[in-house]
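The values are calculated or read from the model by the stated rules, or taken from the named source; none is laboratory data. Predicted, not measured: the structure shown is a model, and the values here were computed from it. Heads up, the Cβs are rebuilt from the backbone with ideal geometry, glycines too, and the neighbour counts pull from every protein chain shown.
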């Protein structure tokens with residue numbers, strides 16, 4: 001049980017504090033309510049670029065990492081389609097260093113032409129190395145706009161294309177900062193050997209002087225229901241043929257989401273899963289296969305992807321995949337198989353709340369979703385799914401008219 005206290009500053013910044021006396025380390029997580037879905041279609045990749053810029057120094061702290069390392073700490077960050085998340089850990093006795101660092105870059109980031117150019121080149125190189133020059137690296141650049149026609153999930157966090165980052169101006173990034181990097185658009189969670197009154201005193205000292213920013217009113221276009229199968233094929237210099245299938249599903253926390261998440265585990269999580277056992281082990285048609293839900297805050301995707309074994313006829317592999325999936329949809333899962341994946345999900349939730357950093361991240365995320373206590377209750381949502389519900393939900397969503405399929409084929413030698 002993760003107990004916690006919460007308080008909100010006058011500028012709208014929310015804090016969540018969990019005292020954990022078992023560790024000498026304290027974690028601070030700062031979640032900003034901005035992700036790739038908040039970008040303009042002609043200026044994508046900005047949320048991720050800004051994650052890099054936030055480490056370029058603030059007005060009073062030229063080098064963010066230096067004082068943190070001197071205090072025995074470390075840090076990192078990530079961006080996805082929905083949020084940007086910054087986190088650090090350091091010895092509990094040096095906790096004020098965390099408040100000082102995070103408040104200063106929330107108040108006044110030091111925008112310099114040099115920092116923008118350096119971080120722009122870092123992101124451009126990441127774009128090339130991880131997406132353009134990596135086998136199958138551009139698969140999601142093809143699959144996302146196939147599945148999404150109006151919602152901004154149609155582009156990846158890295159952006160639609162390199163030129164959007166290359167053309168980013170100082171005015172562009174300052175405008176992005178002014179709109180999203182404000183106390184009333186953030187949540188701070190603190191986990192470690194710290195008492196709430198101590199955290200509140202430090203919060204008021206370091207964060208209260210920061211003025212609230214504009215209210216971020218998100219008016220994103222809703223993705224229309226897909227009513228017809230979509231298909232695209234590409235040929236690239238890759239080791240083997242691959243297939244990607246994506247179905248539209250409800251957003252994370254919707255009741256149907258948890259049934260679909262369990263279905264993904266039944267299909268392709270572990271050596272005993274249905275697709276792995278049938279297509280990888282028994283028939284040797286696929287070298288690897290996976291199934292997962294994207295877990296987005298707006299309606300997301302249920303994805304099955306697989307790489308075909310060299311020398312195997314691609315059509316034969318695809319037919320076998322579709323037939324195996326249809327057999328799965330034709331009947332309810334057995335009580336034992338369903339209980340197995342429920343136990344697995346519950347175990348994952350338990351292990352996700354062991355370290356102070358994991359707890360800090362989860363507290364902030366669930367608070368962002370509207371209920372921080374989900375950190376204690378989320379596993380019940382998986383536990384409550386019944387076989388009949390899973391059967392009905394998978395058949396409702398995993399149908400061909402709701403599916404976008406990418407054939408990623410190996411070029412002929």
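Computed values, structure above
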read-out	value
Candidates 234, 169, 208, 196 - the one that is without any contact (Cβ under 8 Å) to a residue 12 or more places away in the chain and over 26 Å from the mean Cα position of the chain (by Cα)	169
Unmet criterion (only one of (1) touching a residue at least 60 places away in the same chain (Cβ under 8 Å); (2) touching a strand residue (DSSP E or B) at 6+ places or on another chain (Cβ under 9 Å); (3) under 26 Å from residue 83 (Cβ atoms)) for residue 264	(1)
Options 323, 349; residue that is assigned to a helix (DSSP H, G or I) and under 30 Å from residue 188 (Cβ atoms)	349
Which numbered condition residue 409 fails, given (1) assigned to a loop (DSSP other than H, G, I, E, B); (2) modelled with pLDDT of 95 or more	(1)
Residue ID - surrounded by the fewest Cβ atoms within 10 Å (Cβ to Cβ), chosen from residues in region 85-96 that are assigned to a helix (DSSP H, G or I) and touching a helix residue (DSSP H, G or I) at 6+ places or on another chain (Cβ under 8 Å)	96
Helices (runs of 4 or more DSSP H) lying entirely in region 119-222 (those with 1 or more residues that are in the same structural domain as residue 81 (by TED's automatic domain parsing) and modelled with pLDDT under 95)	162-166, 170-180
From 243, 289, residue being more than 23 Å from residue 339 (Cα to Cα), in contact with a strand residue (DSSP E or B) (Cβ under 7 Å, 6 or more places away or on another chain) and not assigned by TED's automatic domain parsing to the domain that holds residue 133	243
Residue identified as under 20 Å from residue 389 (Cα atoms) and in the same structural domain as residue 400 (by TED's automatic domain parsing) among 265, 296	265
Flag if residue 67 is in contact with a helix residue (DSSP H, G or I) (Cβ under 9 Å, 6 or more places away or on another chain) and not in a strand (DSSP E or B)	yes
Residue in region 97-126 that is surrounded by the most Cβ atoms within 10 Å (Cβ to Cβ), counting only those that are touching a residue at least 40 places away in the same chain (Cβ under 8 Å) and more than 18 Å from residue 62 (Cα to Cα)	123
Given (1) in contact (Cβ under 8 Å) with a residue 60 or more places away in the chain; (2) in a loop (DSSP other than H, G, I, E, B); (3) touching a helix residue (DSSP H, G or I) at 6+ places or on another chain (Cβ under 6 Å), index of the condition residue 82 fails	(3)
Selection count, region 223-233, where residues are surrounded by 14 or more Cβ atoms within 10 Å (Cβ to Cβ) and either at pLDDT below 95 or part of a strand (DSSP E or B) (or both)	2
Members of region 269-293 found to be assigned to a helix (DSSP H, G or I) and buried (at least 22 other Cβ atoms within 10 Å of the Cβ), listed by number	275, 279
Selection from region 372-391 of residues that are within 19 Å of residue 358 (Cα to Cα) and touching a helix residue (DSSP H, G or I) at 6+ places or on another chain (Cβ under 7 Å)	372, 374, 375, 378, 379
Condition check for residue 372: in a helix (DSSP H, G or I) and either within 20 Å of the chain's Cα centre (by Cα) or surrounded by fewer than 18 Cβ atoms within 10 Å (Cβ to Cβ) (or both)	no
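The rows are residues; the columns are (1) crowded, with 20+ Cβ neighbours inside 10 Å; (2) outside any helix (DSSP H, G or I); (3) touching a helix residue (DSSP H, G or I) at 6+ places or on another chain (Cβ under 9 Å).
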residue	(1), (2), (3)
6	no, yes, yes
11	no, yes, yes
17	yes, yes, yes
21	no, yes, no
48	yes, no, yes
62	no, yes, no
